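Just so it is clear, none of the values below were taken in a lab; they were calculated from the coordinates. Just so it is clear, the model here is predicted, and its values are computed rather than measured. Cβ sites come from the backbone with ideal geometry, for glycine too, and all protein chains shown count toward neighbours.
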């Protein structure tokens, strides 16, 4: 049976093109393998456009009926998004010579498409695991010791996420039978304290980089290959947002989680030196906006979250691409070592600025049309404190991603590097992303019409919005400039900053060391006593005990006269020698055995 | 941290000249002034939509002119000073470590 085409309504799984592309790329070499990076997403994009909302596909596996595909408008939107992201990232990675990286990248994109179209929790779980395993090669592809270690830490988080998801699914299945497998919202059961739903939320939370579970993101992405984060940033967290919007719309707890996510990374981003890590922190901050939108749960807020996921993939991908190009050309990504690159990389600089303008939500760029929906809905639903957090985060994101990234990498003090402009394929990919950033910013109706609820009645471009947005952006930038002129802006220093990963990278290691010291110490002491002392004594007793015993009895027995007529000393020497060799007749040994036994018997009485 | 650094033999770019940077910054100040003016004119002459509904405490505060500008400016100052404290507090490192910290 053809597993991929066992559908009743649609011909093939939406991820087929990318899956096949990934498999084919694994056996091709050179430019042919690279070509799949472009061809597969294009085919997939065409196929998604032919899918009709409401169609589905089922799969019989081990006697269970799995709803492997369910097409709705949200799935289609994410389908378009993931294919577009794969196409852009594919063009960006066109120069790669490593068929493994190409193959796993396409399979990774296919897994993301699978998650977006998953019709029930079981098929979701399968793609979810695929997402974890295929993505780690973007980190390991760097082939350094740091990347290898970081990849294992990354994998640890994502495998845990898969296991938690499975545990949650099984708990719910155990309680409610097969009806628990549907992808219906779990908000109510979460709020009534259902453990299964909580585990599922936790599983999604790891992938969405909830505060405390976020360390894999800044750890893994910063160690990945120059092209790696372009793939990584598009899929994993957006799959989490997609599923979060399906399963937990309107869950109150998400509002608080999202607000924390939006605020705390800003501080880290300001003092972080690795520019890709700065982008990671700003990514957590942007996902915070989406999580708040999902938590508010009104139709418009969910639309805002999904729209923000869409625009975010494009502009964050663009920023990661520009930083990847810098890393690719200079081999350096630390802000303290970069600067002045605009002179030789003008195109990359320009594209980076477009990305920076988008993430800062400058009007006419894509971030503005999506982020403002979420902020507006927060205010409209009366979440005052969260609204302040989001506004604060908007000001902060301009500061760290909008200005710091382009300024430190391309302007700032001249680091003296004069690298070549990025290769053509990278520039093309950045150009396509920049185009979409500006296009969606100027024509938000294209994006809005694809949303599940059509962003009903929302107009980003009214005078109040424009004035207030420009005002907050310009005055945030003003503070940056004034602090810089005063010289009191935190300088880029070669350093790392402690984050939650300290717990498992340092405290964990220290704990290991203490435990190793203690238990190995105990082990050694016990070994010394038992093996070194007791066994030795027993051994020596077993080996020479009889000699001592016979020696002890030699003199008295000689007195009695039963040991022959030799002299006392000679007899003793003979007895000792023969006892050591073990050649005494059994009789003598048996005699002493008898004496001992009788002695015991007497003593026992 | 300024954009003024230059190499003696490198080709001069527009941004290499300090007076151009001063020009840029002066232009930026003007832009800030213009948007502030626009906010005041718009708030007084027309009508700003309030983001919050009537029963919220912020209903009267949020549409005031310059609210967003002051908020943005102060939050960025706050962010910068707070993150400096995150680096070091009274001369002692709080969260900042050497680059080889994880490998030690």
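Centre-to-centre, using Cα atoms only, region A:368-392 and region A:435-465 are separated by 17 Å. With Cα atoms as the point set, the radius of gyration and Dmax of chain B evaluate to 21.9, 65 Å.
So if I take the centroid of the Cα atoms in region A:298-317 and the same for region A:89-153, what is the distance between those two points in Å? What the calculation gives is 22 Å, centre to centre.
Directionally averaged projected area (the protein assembly as shown, Cα convex hull): 50.7 nm². Mean partner shielding of peptide A:187-194, defined as the number of other chain Cβ atoms within 10 Å of each residue Cβ, is 0. Helix A:30-50 versus the longest principal axis of chain A: what angle, 0 to 90°, nearest 10, using Cα atoms? Once rounded, the angle reads 60 degrees.
Above 28 Å, the calculated P(r) of region A:250-500 contains 30 percent of its Cα-Cα pairs. When shorter helices are ignored and each DSSP H run of at least 4 residues is given -39500 (n - 2.57), the per-residue value for chain A at 222 nm works out to -23500 deg cm²/dmol. Taking 1.567 mPa s as the viscosity and 4 °C as the temperature, the Stokes-Einstein diffusion coefficient of region A:320-464 based on its alpha-carbon Kirkwood radius rounds to 78 µm²/s. When all C-alpha to C-alpha distances in region A:193-309 are sorted into bins of 10 Å, what percent of pairs does each bin hold, rounded to whole numbers? All Cα pairs considered, the percentages come to 15, 47, 30, 8, 0.
Axis angle, to the nearest 10 degrees, between helix A:568-581 and the longest C-alpha principal axis of chain A: 30 degrees. Divide the volume of the convex hull around the Cα atoms of region A:1-248 by the residue count and you get 116 Å³ per residue.
The residues B:100, A:98, A:219, when put in order of fewest to most other Cβ atoms within 10 Å, stand as B:100, A:98, A:219. Here the calculated FRET efficiency for residue A:438 and residue A:517, from their Cβ-Cβ distance with R0 = 41 Å, stands at 0.10, rounded to the nearest 0.05.
Counting only Cα atoms, region A:342-413 measures 49, 22, 10 Å along its principal axes, largest extent leading. Between the alpha-carbon centres of region A:494-533 and region A:273-287 there is a gap of 33 Å.
Model label sites at residue A:529 and residue A:420, defined 7 Å from Cα along the beta-carbon direction, differ in position by 7.1 nm.
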